[in-house]
Amino acid sequence: MESPPDTVVVPPEQTSALTIEKTATLNDEDGDGFLDAGESITYTFVVANTGTVTMTDVTVNDPLLANAGISVTPGPQTLAPGATVTFTATYTPTQAEIDAGQVENTATGTGTPPDGPPVESPPDTVVVLPQPASLVIVKTGTFNDVDGNGFASVGDTVTYSFTVSNDGGQTVTDVWPVDAGPTFNGQPAAGTLSRFQPDPVTLAPGASQVFTATYTLTERDIENAAGIQDATSNAATARGQASSGEIISDTSTSIITLPVAASDITVTKVANLRFIRRGEQAPFTIRVTNNAGSLASGLTVVDTIPAGFRYVEGSARVGDAEVTPVVAGRQLRFENLSVAGRGEIAITLRLQALSTAG
């Protein structure tokens with residue numbers, strides 16, 4: 001009689017494996033879509049048992065949280081094959097991490113199988129971006145009547161004030177204005193703008209610094225711009241450096257009007273003929289002289305025609321340019337004239353002697 005064959009029983013394969021899926025949710029308190037100082041990140045970790053054995057003490061290994069003394073919730077769990085568990089933790093980054101340009105966090109899932117050493121899942125990494133570095137500058141100019149004479153003169157000054165603010169989310173270093181100096185009616189300054197005070201500073205997010213510089217007026221500056229509306233212009237750029245090395249900048253322009261002295265104008269009129277017959281035309285020259293050092297603008301010259309004479313249409317000129325005066329009875333009005341400081345203009349015209357001329 002034959003004995004029955006032996007039966008071999010193969011136990012199921014014993015494998016232990018974990019996976020982790022990590023996500024980050026920004027608690028965006030100001031709603032700008034970026035991580036700012038004081039805002040937090042809630043991390044969610046989904047750990048799955050992808051092996052064939054039950055795992056105990058399943059938890060999350062996250063060095064960033066561990067170094068900050070933060071534990072995930074809930075505590076260690078037991079996972080049957082195919083089961084998952086969700087852990088969470090909330091972390092508030094430091095300003096140094098924000099200045100670094102991103103908050104990067106890597107975590108793994110860990111657990112202990114029935115036999116053998118603990119098992120660790122492949123790592124998963126998430127990155128949260130902070131608000132970019134940014135500067136804004138607001139510039140103002142103030143005329144200082146140093147000699148107190150009420151108008152712009154040599155030695156008077158313009159004080160420029162630059163308020164530079166960090167409206168971004170990262171610290172900006174070496175913040176200082178860059179300014180080539182003012183222009184006067186489009187002409188470059190004859191002098192030099194003073195050095196800015198204070199020296200370059202570091203601005204944390206939300207911080208501001210006021211810088212000042214002074215310019216001393218020269219005769220040429222005054223001649224170019226005094227009395228001309230908004231003719232004194234100065235553009236400045238605030239520059240600084242983010243931790244990434246990127247140069248951050250913003251530009252602002254200040255526009256002011258230099259007050260002009262009361263006009264010191266001399267007007268003379270001469271006839272360019274000694275004798276004239278009735279029916280002939282007599283040429284006249286009116287000279288308008290500005291005895292002050294600054295521009296005189298918006299002038300109106302009124303010429304009264306002698307009795308028995310009439311203005312010859314189309315004969316009037318200011319310099320070489322033909323002009324049309326306003327004729328009102330015996331008056332000729334030359335309007336909106338300008339004369340440079342210490343300068344002169346000549347108005348020429350012809351008058352015809354009528355039969356009633358004396």
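I need the full set of residues from the range 77-101 which are closer than 20 Å to Lys22 by Cβ and of a type in the set (D, E, K, R), in order please.
Passing the criteria: only Glu97.
Of all residues in the range 271-287, which are over 56 Å from the mean Cα position of the chain (by Cα) and assigned to a strand (DSSP E or B)?
Ala271, Gln281, Ala282, Pro283
Being within 16 Å of Gly181 (Cβ to Cβ) and assigned to a loop (DSSP other than H, G, I, E, B) is the filter here; which residues of the range 222-249 pass it?
Ala231
For (1) touching a Leu at 6+ places or on another chain (Cβ under 8 Å); (2) over 30 Å from Ile256 (Cα atoms), each residue gets a yes or a no:
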| site | (1), (2) |
| --- | --- |
| Gly69 | no, yes |
| Pro76 | no, yes |
| Ala83 | no, yes |
| Thr86 | no, yes |
| Pro93 | yes, yes |
| Glu104 | no, yes |
| Glu120 | yes, yes |
| Ser134 | no, no |
| Ala152 | yes, no |
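In this structure, does Thr50 turn out to be closer than 30 Å to Pro205 by Cβ and at pLDDT 95 or above?
Answer is no for this residue.
Could you figure out which of (1) over 23 Å from Asp32 (Cβ atoms); (2) touching a residue at least 24 places away in the same chain (Cβ under 8 Å) isn't true of Thr163?
So the condition that Thr163 fails would be (1).
Here is a list: Ile256, Ile248, Ile276. Which entry is surrounded by 15 or more Cβ atoms within 10 Å (Cβ to Cβ) and closer than 29 Å to Gly343 by Cβ?
Sole residue among the options that is surrounded by 15 or more Cβ atoms within 10 Å (Cβ to Cβ) and closer than 29 Å to Gly343 by Cβ: Ile256.
Can you tell me how many residues within the range 16-30 are in a loop (DSSP other than H, G, I, E, B) and either open to solvent by less than 60 Å² (accessible area, probe 1.4 Å) or among the basic types (Lys, Arg) (or both)?
Number satisfying all stated conditions: 3.
Of all residues being out of contact with any Leu (no Cβ under 9 Å at 6 or more places or on another chain) and of a type in the set (A, V, I, L, M) in the range 122-132, which is most open to solvent (accessible area, probe 1.4 Å)? Just the residue, please.
Val127
Condition test on Gln95, is it open to solvent by less than 50 Å² (accessible area, probe 1.4 Å), under 25 Å from Asn166 (Cα atoms) and in contact (Cβ under 8 Å) with a residue 12 or more places away in the chain?
no
Given the criterion out of contact with any Pro (no Cβ under 7 Å at 6 or more places or on another chain) and within 28 Å of Ser249 (Cβ to Cβ), identify the matching residue among Val146, Val128.
Going through Val146, Val128 in turn, just one is out of contact with any Pro (no Cβ under 7 Å at 6 or more places or on another chain) and within 28 Å of Ser249 (Cβ to Cβ): Val128.
Residue by residue, here is whether (1) of a type outside the set (Gly, Ala, Ser); (2) at pLDDT 95 or above; (3) open to solvent by 70 Å² or more (accessible area, probe 1.4 Å) holds:
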residue: Phe196; (1), (2), (3): yes, yes, no
residue: Ala204; (1), (2), (3): no, no, no
residue: Ser208; (1), (2), (3): no, yes, no
residue: Thr212; (1), (2), (3): yes, yes, no
residue: Tyr215; (1), (2), (3): yes, yes, no
residue: Arg220; (1), (2), (3): yes, no, yes
residue: Asn224; (1), (2), (3): yes, no, no
residue: Ser244; (1), (2), (3): no, no, yes
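Quick one: Thr59 ticks every box in (1) under 46 Å from the mean Cα position of the chain (by Cα); (2) at negative phi; (3) open to solvent by less than 40 Å² (accessible area, probe 1.4 Å) bar one, so which box is it?
Just one mismatch for Thr59, condition (1).
More than 18 Å from Asp62 (Cβ to Cβ), modelled with pLDDT under 95 and in contact with a helix residue (DSSP H, G or I) (Cβ under 6 Å, 6 or more places away or on another chain): which single residue out of Pro130, Pro114 fits that description?
Values: Pro114 fails: in contact with a helix residue (DSSP H, G or I) (Cβ under 6 Å, 6 or more places away or on another chain).
Unique residue meeting the criteria: Pro130.
Pick out, from the range 288-343, the strands (runs of 3 or more DSSP E) lying fully within it that include 3 or more residues that are open to solvent by less than 30 Å² (accessible area, probe 1.4 Å) and either modelled with pLDDT of 90 or more or over 20 Å from Thr356 (Cβ atoms) (or both).
296-304, 331-339
Does Glu120 qualify as being under 30 Å from Glu246 (Cα atoms) and among the acidic types (Asp, Glu)?
The answer is no for Glu120.
Condition (residue is without any contact (Cβ under 8 Å) to a residue 40 or more places away in the chain, among the charged types (D, E, K, R) and over 30 Å from Thr163 (Cα atoms)) applied to the range 268-282: is it met by at least one residue? Outline the logic, then answer.
To start, the set of residues in the range 268-282 that are without any contact (Cβ under 8 Å) to a residue 40 or more places away in the chain comprises 268-275.
In the following step, the residues that additionally are among the charged types (D, E, K, R) were identified as 269, 274.
Retained after the next criterion (residues that are over 30 Å from Thr163 (Cα atoms)): 269, 274.
Checked against the condition, which is being without any contact (Cβ under 8 Å) to a residue 40 or more places away in the chain, among the charged types (D, E, K, R) and over 30 Å from Thr163 (Cα atoms), the range 268-282 yields at least one hit.
Give the residue, chosen from Glu13, Glu2, Glu39, that is under 30 Å from Gly168 (Cβ atoms) and either exposed (fewer than 14 other Cβ atoms within 10 Å of the Cβ) or modelled with pLDDT under 95 (or both).
Within the list Glu13, Glu2, Glu39, the selection yields Glu39.
(1) over 18 Å from Ile228 (Cβ atoms); (2) modelled with pLDDT under 90: which one isn't true of Thr285, the others all being true?
It is condition (2) that Thr285 fails.
Just give me the residues in the range 225-234 being of a type outside the set (A, V, I, L, M) and under 28 Å from the mean Cα position of the chain (by Cα), in sequence order.
Taking the range 225-234 and keeping what is of a type outside the set (A, V, I, L, M), we get 227, 229-230, 232-234.
Of everything in the range 225-234, those that are of a type outside the set (A, V, I, L, M) and under 28 Å from the mean Cα position of the chain (by Cα) turn out to be Gln229, Asp230, Thr232, Ser233, Asn234.
The values are calculated or read from the model by the stated rules, or taken from the named source; none is laboratory data. Being a predicted model, the structure only gives us computed values, none of them experimental. Counting neighbours? That spans all protein chains shown, and the Cβs are built from the backbone with ideal geometry, glycine included. When the accessible area is computed, the model is the full protein with side chains, heavy atoms only, and any ligands, DNA or RNA have been set aside. Shrake-Rupley method; radii C 1.70, N 1.55, O 1.52, S 1.80 Å.
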